[in-house]
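S.K.: Handing you this structure, nothing more for now.
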2 protein chains.
Amino acid sequence: MRNQTVKKKVSIHDIARQLNVSSTTVSFVLNGKAEEKRISDEMKKRILDHVAEVGYQPNQVAKSLRTGKSKIIGMLVEDISDPFFSGISRQVEESLYKLGYKIFFSSTENNTEKTKELLNVLRERQVDGYIIAPPPGIESEIATLIDEGLPVVLFDRYFPNLNTINVVVDNFGGASLAIEHLHANGYRKICLVTLDSEQSQMKDRLAGYCASVKKHGLPSIVEKIAFRQTQDDTVKQIKDFLLEHKELDAVLFATNYLTIPGLEAIIDLELTIPGDISVVGFDDNDHFSLFSPSITAIAQPIEKLSERTVKKLISCLNREKGALKTETEVLPTALIIRSSSVPITPTDQHKTP
Amino acid sequence: MRNQTVKKKVSIHDIARQLNVSSTTVSFVLNGKAEEKRISDEMKKRILDHVAEVGYQPNQVAKSLRTGKSKIIGMLVEDISDPFFSGISRQVEESLYKLGYKIFFSSTENNTEKTKELLNVLRERQVDGYIIAPPPGIESEIATLIDEGLPVVLFDRYFPNLNTINVVVDNFGGASLAIEHLHANGYRKICLVTLDSEQSQMKDRLAGYCASVKKHGLPSIVEKIAFRQTQDDTVKQIKDFLLEHKELDAVLFATNYLTIPGLEAIIDLELTIPGDISVVGFDDNDHFSLFSPSITAIAQPIEKLSERTVKKLISCLNREKGALKTETEVLPTALIIRSSSVPITPTDQHKTP
DNA sequence: AATATTTGCTAAATCCATTTAGCTATCTAT
DNA sequence: ATAGATAGCTAAATGGATTTAGCAAATATT
């Protein structure tokens, strides 16, 4: 009659005691080892019935401690509130949930120190595997995880000199696609507004841009935005840049959180799209078709990316101690053509904004 | 020379053995109970130095098992890829991370059964507290958590007949704000497009709409959209609705994932905003200012909501067994006026789309 | 000097499940 | 009748921490 408020959870020992059997037997039955361990069908039934009746549920923490497995995956994204990452997170969570895994999400904010801490926390919690969009400077920590034989899959970006399993999109090809499209539509002074970043996805997009403009004998005009700055500063910087480069007739924004401030900058300057300047964004967005004009974009295959990432991780988790084949899977991007990049009209040709 | 691949983790016992002390002493020192337990400063230093040197880190799983605390919060949102929820998740994660808590996120998809399972998983994992945007039909499970004295904070929606701690926005007031604004700008046939849902936030928005139109003697025209249907079906339903109600001059969409299909429907019908129909969305979005026309919206205070939710949970977690005061905190919304709802012009008056 | 108190530390129990090693009783084969 | 096999179950160790109860030595008190 004492502890009414806090219901004591029943343990496997309570179950065993109530049935007058040993907890070993109960454990065997509950873990599907009845035959293997030669537990009689009668006993099995008795235990299962009673467990169902009292609604006993094993303490997962104790289980994790003993087995070293947690059925938890640690997932580190750059920013859970970014549509690209939250989209992937959602899909990954759904797939893994169906396989009985739970997920720890955290935002790294692309911050090396925070990520180190997060990895530490995940390790202490004995997560079974890792899905990571790594920030810069985290190579050695990732290498350590790999060395210890832990299942790790990197996505979105990776470290070319690290033997990891990676799932990324064809950033080089995506950027090329954008330039080819703009070029075909008559644009000749195409700039790239990108982040000042050494991460693989950004380097590849830059490389794709450079290769394409070079191929067509166009000038290479690149503006790099510092990573950690306010949205307002970014808008300001892009405005300044556009004012200094009045010759531009098109701009490719290298990532979704440059496209938005970029559009703001263009609107602030009262330039018309695509009359004064044509726009393509790397990374599509649900809303781009509702913008006016609608925004042409390089779409990343979010579903496919999630699916492949999960598949890789799962095969990693299930592998029988065998060495895991490290490989980088590259998924194709798609050009979604909308009105922000319609073919240049004769009268628009070489018009200065 | 054997186990090169799998580094054995050091335990507190290893530390104790290496220093020739008992693990009890090490534990006391590491948990800041040195004075309390009268451990000499000399011993304390010896232990701390050694721990730092070998980089020992306590196994959190073992710790959780013993203490019953996990330093993990379970957070259930409707959909982690929805900007409203991912925004809140991001903020909550950041705040709680600073306080040493990690978070389990999951998307309920507003699905009662999935949520029950999720709550079970969270309980088994011994999370220290819960932050939940509850789906319908989950009252008794929530009540159970409360009965067991577990820290629970509901947000965005709640159950009026349940004694929980809730943090929500003024949905009634927000909807009223929208109608007042539309009315003041000359609109007279204002409909509400909402979800067919009994959840508190939706009921309150509907009530706010009804009260406001009634106050001004306007007709009450409400279209309810089934919750679980495809975006395409939603667009179709809204189109049909608009075609059947050509008298409408303004529409309030009750939630962000109705505003987007709603705008699509309007574009498909080749209606102009706000010429043919004026639009206000409940729940603002970063992109609304870039739409053309830009979209007027009722903004929810995401930061404040996150902050208050975390604060409530923390005080719950830290409370000294005392009864927690159950209360519903209601935060104000703000009307962000943009061009989708500019004052009606004389020539527009009572124009039929 | 004898007793009481304080200091400084530790053995062992505990949290709850899994798993190894092994025991007893029954059955089979010779 | 007896050794060997098998069926059916369990005691105890284990994972890695925290925490209770308490011991021995040093110091203080009378």
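The values are calculated or read from the model by the stated rules, or taken from the named source; none is laboratory data. Nothing here was measured: the structure is a model prediction, and the numbers come from that model. Glycine also receives a Cβ, built like all others from the backbone with ideal geometry; neighbour counts cover every protein chain displayed. Surface areas here come from the heavy atoms of the whole protein model, side chains and all, with no ligands, DNA or RNA. Shrake-Rupley method; radii C 1.70, N 1.55, O 1.52, S 1.80 Å.
S.K.: Is there a residue being under 24 Å from A:Asp79 (Cβ atoms), more than 10 Å from chain A (Cβ to nearest Cβ) and hydrophobic (A, V, I, L, M, F, W, C) anywhere in region B:105-119?
M.R.: Scanning region B:105-119 turns up no residue that is under 24 Å from A:Asp79 (Cβ atoms), more than 10 Å from chain A (Cβ to nearest Cβ) and hydrophobic (A, V, I, L, M, F, W, C).
S.K.: In this structure, does B:Ala52 turn out to be surrounded by fewer than 17 Cβ atoms within 10 Å (Cβ to Cβ), part of a helix (DSSP H, G or I) and aliphatic (A, V, I, L, M)?
M.R.: yes
S.K.: Can you tell me which residue is farthest from DNA strand D (Cβ to nearest atom) among those in region B:79-91 that are buried (at least 19 other Cβ atoms within 10 Å of the Cβ), free of Cβ contacts under 8 Å to residues at least 60 places away in the same chain and assigned to a loop (DSSP other than H, G, I, E, B)?
M.R.: Checked region B:79-91; the qualifying residue farthest from DNA strand D (Cβ to nearest atom) is B:Ser81.
S.K.: Would you tally the residues in region A:55-69 being within 13 Å of DNA strand D (Cβ to nearest atom) and assigned to a loop (DSSP other than H, G, I, E, B)?
M.R.: 4
S.K.: Sticking with this one: Restricting attention to region A:152-161, does a residue exist that is within 23 Å of B:Pro58 (Cα to Cα), open to solvent by 20 Å² or more (accessible area, probe 1.4 Å) and either away from every other protein chain (no Cβ under 12 Å) or of a type in the set (S, T, N, Q) (or both)?
M.R.: Checking region A:152-161: not a single residue is within 23 Å of B:Pro58 (Cα to Cα), open to solvent by 20 Å² or more (accessible area, probe 1.4 Å) and either away from every other protein chain (no Cβ under 12 Å) or of a type in the set (S, T, N, Q) (or both).
S.K.: Sticking with this structure for a sec: Of everything in region A:14-28 that's within 15 Å of A:Asn59 (Cα to Cα) and within 6 Å of DNA strand C (Cβ to nearest atom), which residue is surrounded by the most Cβ atoms within 10 Å (Cβ to Cβ)?
M.R.: The extreme case among them is A:Ser27.
S.K.: How many of the residues in region A:120-143 are more than 9 Å from every other protein chain (Cβ to nearest Cβ) and part of a helix (DSSP H, G or I)?
M.R.: Selection size over region A:120-143: 5.
S.K.: Which residue out of B:Ile142, B:Ile103 is open to solvent by less than 10 Å² (accessible area, probe 1.4 Å) and at pLDDT below 95?
M.R.: Only one candidate passes the filter, namely B:Ile103.
S.K.: Give region B:92-116 a look and list any residue that's part of a helix (DSSP H, G or I) and in contact with a Gly (Cβ under 8 Å, 6 or more places away or on another chain), or say none. Break it down into steps so the answer makes sense when it comes.
M.R.: Here is the first cut: in region B:92-116, the residues part of a helix (DSSP H, G or I) are B:92-98, B:112-116.
Passing the criteria: only B:Thr112.
For (1) more than 21 Å from B:Ser292 (Cα to Cα); (2) aliphatic (A, V, I, L, M); (3) at pLDDT 95 or above, each residue gets a yes or a no:
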residue: A:Lys203; (1), (2), (3): yes, no, yes
residue: A:Val213; (1), (2), (3): yes, yes, yes
residue: A:Leu218; (1), (2), (3): yes, yes, yes
residue: A:Ile221; (1), (2), (3): yes, yes, yes
residue: A:Asp233; (1), (2), (3): yes, no, yes
residue: A:His245; (1), (2), (3): yes, no, yes
residue: A:Ala265; (1), (2), (3): no, yes, yes
residue: A:Gly281; (1), (2), (3): no, no, yes
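S.K.: Among residues belonging to region B:250-289 that are assigned to a helix (DSSP H, G or I) and open to solvent by 10 Å² or more (accessible area, probe 1.4 Å), point out the one that is nearest to A:Asp268 (Cα to Cα).
M.R.: To start, the set of residues in region B:250-289 that are assigned to a helix (DSSP H, G or I) comprises B:256-268, B:288-289.
Checking which are open to solvent by 10 Å² or more (accessible area, probe 1.4 Å) leaves us with B:256-257, B:260, B:264, B:267-268, B:289.
Values: B:Asn256: 26, B:Tyr257: 28, B:Ile260: 24, B:Glu264: 26, B:Ile267: 25, B:Asp268: 28, B:Ser289: 12 Å.
So the residue we want is B:Ser289.
S.K.: Can you pull out every residue in region B:292-313 that is open to solvent by 40 Å² or more (accessible area, probe 1.4 Å), part of a helix (DSSP H, G or I) and either in contact (Cβ under 8 Å) with a residue 60 or more places away in the chain or within 14 Å of chain A (Cβ to nearest Cβ) (or both)? Walk me through it before giving the result.
M.R.: Quick first cut of region B:292-313, residues open to solvent by 40 Å² or more (accessible area, probe 1.4 Å) only: B:292, B:302-304, B:307-308, B:311.
From what is left, the residues that are part of a helix (DSSP H, G or I) are B:302-304, B:307-308, B:311.
Result: B:Ile302, B:Glu303, B:Glu307, B:Arg308.
S.K.: If you don't mind, another one. Where the second residue is in a loop (DSSP other than H, G, I, E, B) and the first is facing chain B (nearest Cβ under 9 Å) and lies in region A:42-69, which pairs have Cβ atoms under 6 Å and are six or more apart or on separate chains?
M.R.: A:Gln60/B:Arg125; A:Val61/B:Gln126; A:Ser64/A:Ser70; A:Ser64/A:Gln126
S.K.: Just wondering, is there one or more residues in region A:110-119 that are under 16 Å from the mean Cα position of the chain (by Cα) and open to solvent by 50 Å² or more (accessible area, probe 1.4 Å)?
M.R.: Taking every residue of region A:110-119 in turn, at least one turns out to be under 16 Å from the mean Cα position of the chain (by Cα) and open to solvent by 50 Å² or more (accessible area, probe 1.4 Å).
S.K.: Also, quick follow-up: With A:Leu177, A:Leu182, A:Leu195 as the choices, which residue is surrounded by 20 or more Cβ atoms within 10 Å (Cβ to Cβ), under 22 Å from A:Ile260 (Cα atoms) and under 19 Å from the mean Cα position of the chain (by Cα)?
M.R.: The conditions single out A:Leu195.
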